[in-house]
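Here the structure comes first, spelled out in structure tokens, and everything after it is commentary.
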Amino acid sequence: MTTRLATDRVVFENISKSYRVNNAGLKVVDDISLTVDPGKFVCLIGPNGSGKTTLLKILAGIEKQSAGKVTAPDNIAYLPQQGSLMPWLTVRENLRLPAKIKNQLDNKLEKNIDRNLKQFGLDKFAGFYPAELSGGMQQKVALIRTALYTPDLIILDEPFSALDAITRLQMQVWLVELWRKLKCTVICVTHDINESMFLADEIYVLSSRPGKIIRQMTVDARRPRDIDKLSTKRLLNAQKELRELLVNERI
């Protein structure tokens, strides 16, 4: 069962998920419990097949857990791993889409779209189609659309995995700025340890399938953070611990 509460915490209580594969049960997630307080930025990391994406889909209401209970805010925005922009729509039309589906288009939304496009350097590209934009610009549009409707919770599945290293760093900084502006909760899946250290307040490490939480780590670094300064002895030791956990889980 998933309970939606307007301003409450995100709570996973003993969540398990199994699929039927070739007439046999395949357990993907096993008895996961965690709590995320409002306004926190949390990253989930773990090997392939550890159930990270499955957890996000359960939280977003796309999939149903086999056991356990989820409590989450009512107003959720979910950005899946695969590109979510409609290729036949312009940037502006993509940003309008959620409101259009709900028949909620109005002048206030248009002004909000204009403000966001200008703030994030995309105002000259409102009439462009996704294929005419760089990968970083496409992802920025997708994130603006995710955030445009002021969600209480943003769910991100490896949002920068397809980007080059420099664009990825720029987008990480931009995402933190967006999160601080919205004052919402963010739960993000990533395979990048450095990315998780820069973005997150809390990091949860999942085991290999079936996914269980094997480590919860608080990132003890002040905000705003400088990527180049996440190299103190304490933080380097934390990164080393995360690497060793992930390497061991792949064996």
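Odds and ends about this structure:
- Residue ID - farthest from Arg145 (Cα to Cα), chosen from residues in the stretch 172-202 that are under 13 Å from the mean Cα position of the chain (by Cα), in a helix (DSSP H, G or I) and not acidic (Asp, Glu): Ser196
- Subset of the stretch 26-56 (residues that are touching a Phe, Trp or Tyr at 6+ places or on another chain (Cβ under 8 Å) and either loosely packed, with under 14 Cβ neighbours inside 10 Å or closer than 15 Å to Leu206 by Cβ (or both)): Leu26, Val28, Ile32, Ser33, Leu34, Thr35, Val42, Cys43, Leu44, Ile45, Leu55, Leu56
- Leading residue by the ranking (farthest from Thr185 (Cα to Cα)) among those in the stretch 87-124 that are touching a helix residue (DSSP H, G or I) at 6+ places or on another chain (Cβ under 6 Å) and exposed (fewer than 15 other Cβ atoms within 10 Å of the Cβ): Pro87
- Boolean, Thr54 is farther than 30 Å from Arg222 by Cβ and hydroxyl-bearing (Ser, Thr, Tyr): yes
- Lys181 vs. criteria surrounded by fewer than 16 Cβ atoms within 10 Å (Cβ to Cβ) and on the phi < 0 side of the Ramachandran plot: yes
- Count - residues of the stretch 214-227 that are surrounded by 17 or more Cβ atoms within 10 Å (Cβ to Cβ) and either within 18 Å of the chain's Cα centre (by Cα) or hydroxyl-bearing (Ser, Thr, Tyr) (or both): 2
- For the stretch 37-66, a residue qualifies if it is at pLDDT 90 or above and either on the phi > 0 side of the Ramachandran plot or among the small types (Gly, Ala, Ser) (or both), and the qualifying residues are Gly39, Gly46, Ser50, Gly51, Ala60, Gly61, Ser66.
Table: residues versus (1) without any contact (Cβ under 8 Å) to a residue 12 or more places away in the chain; (2) more than 26 Å from Arg96 (Cβ to Cβ); (3) not assigned by TED's automatic domain parsing to the domain that holds Ile15.
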| site | (1), (2), (3) |
| --- | --- |
| Ala165 | yes, yes, no |
| Lys183 | no, no, no |
| Cys188 | no, no, no |
| Val219 | no, yes, no |
| Arg223 | no, yes, no |
| Asp226 | yes, yes, no |
| Leu236 | yes, yes, no |
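- Filtered residues of the stretch 208-237 (kept if in contact with a strand residue (DSSP E or B) (Cβ under 7 Å, 6 or more places away or on another chain), farther than 26 Å from Leu178 by Cα and among the aliphatic types (A, V, I, L, M)): Ile213, Ile214
The values are calculated or read from the model by the stated rules, or taken from the named source; none is laboratory data. Keep in mind it's a predicted model, so treat the numbers as computed, not measured. Quick reminder, even Gly has a Cβ in these numbers, built from the backbone with ideal geometry, and neighbours come from all protein chains shown.
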